[in-house]
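The values are calculated or read from the model by the stated rules, or taken from the named source; none is laboratory data. It should be emphasised that the depicted structure is a prediction, and the values quoted were computed from it without experimental measurement. Neighbour counts are summed over all protein chains in view; Cβ atoms, including those assigned to glycine, are modelled from backbone coordinates with ideal geometry.
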């Protein structure tokens with residue numbers, strides 16, 4: 001082994017995420033309650049209690065919150081509950097996670113990929129409205145996505161829905177702490193990699209009570225009361241064990257949020273305003289993230305990932321391949337995607353977890369700055 005390789009191998013790996021869910025002692029009271037109830041799924045006491053607590057957190061009626069097994073099936077249930085005609089088109093960004101598009105197809109719709117804005121990394125309601133003149137067919141749904149938790153203004157999308165009649169469902173998977181107002185059916189992921197997680201899970205909120213009633217039935221095979229299955233659905237429910245994790249996680253949320261904000265502040269101090277880069281839009285707001293997404297002015301994300309890997313620092317081009325270019329979706333129509341293509345080559349997510357130390361953030365910052373200097377050096381251009 002060469003000396004340089006040996007020195008790198010001795011440096012501790014800094015992972016992208018280090019997930020920590022509630023400890024066994026914190027979970028115990030809720031698990032004992034599950035044991036006493038002898039009820040393990042199908043809208044039990046734990047999932048209902050979690051829904052009530054989430055409703056209180058977001059100041060929405062309790063009958064408009066619904067937990068689900070994961071974010072993809074929650075989005076699927078929302079689209080089905082919106083009664084969007086099968087085989088019609090749903091507008092989605094290509095700059096998103098593959099699960100967004102999977103939900104559209106699972107709901108019996110066809111994705112139509114429309115470009116995001118370069119400055120917000122997200123779909124813009126007005127731009128999408130203008131694009132409708134070039135639609136490949138009947139468009140009956142739209143799914144704007146909040147990139148990596150960036151606050152997404154829902155009012156323009158509510159107005160878009162009212163003006164066009166196109167149903168809007170919001171993919172806010174990363175937005176547990178950054179949602180400002182729920183005006184439309186909104187999915188928030190509770191996956192372990194998010195800032196607030198239960199392992200696998202998600203919830204819907206922001207719809208009407210009637211919409212949520214339909215979505216709840218869809219998560220249970222479309223069964224309504226004694227009528228049997230009155231609409232297409234599946235087994236999309238959150239188990240009582242996962243809901244118990246959610247309850248314990250809510251108990252400890254204040255401390256976890258404080259820790260995430262501390263790491264975020266260190267990153268802003270270390271890399272905020274770094275020449276040749278830009279932060280996730282709205283990142284300096286008062287909300288706890290699950291990642292630190294850095295956008296380079298030049299298409300350097302892949303090179304930076306390799307350079308950080310050589311320093312034993314994990315990073316990820318989370319949405320580095322546009323969805324419209326993935327084999328699973330390549331047959332579906334896409335508008336021109338210059339901004340999406342531009343962002344995919346430039347956005348890199350850096351290590352972020354609540355137990356990070358300041359020295360860890362400094363290590364990442366130093367590695368990023370050194371790499372940027374080397375990339376702009378005449379020798380490495």
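A few notes on this one:
- Candidates 156, 151, 136, filtered to the one that is assigned to a loop (DSSP other than H, G, I, E, B) and either under 16 Å from the mean Cα position of the chain (by Cα) or under 30 Å from residue 257 (Cα atoms) (or both): 151
- Any hit, the range 104-111, residues being part of a loop (DSSP other than H, G, I, E, B), free of Cβ contacts under 8 Å to residues at least 60 places away in the same chain and touching a helix residue (DSSP H, G or I) at 6+ places or on another chain (Cβ under 7 Å): yes
- Residues in the range 117-133 that are touching a residue at least 60 places away in the same chain (Cβ under 8 Å), farther than 15 Å from residue 151 by Cα and within 24 Å of the chain's Cα centre (by Cα): 118 alone.
- Residue in the range 147-161 that is in contact (Cβ under 8 Å) with a residue 40 or more places away in the chain, assigned by TED's automatic domain parsing to the domain that holds residue 56 and at positive phi present: yes
- Residues in the range 222-261 that are part of a loop (DSSP other than H, G, I, E, B) and buried (at least 16 other Cβ atoms within 10 Å of the Cβ): 222, 224, 233, 234, 236, 237, 238, 239.
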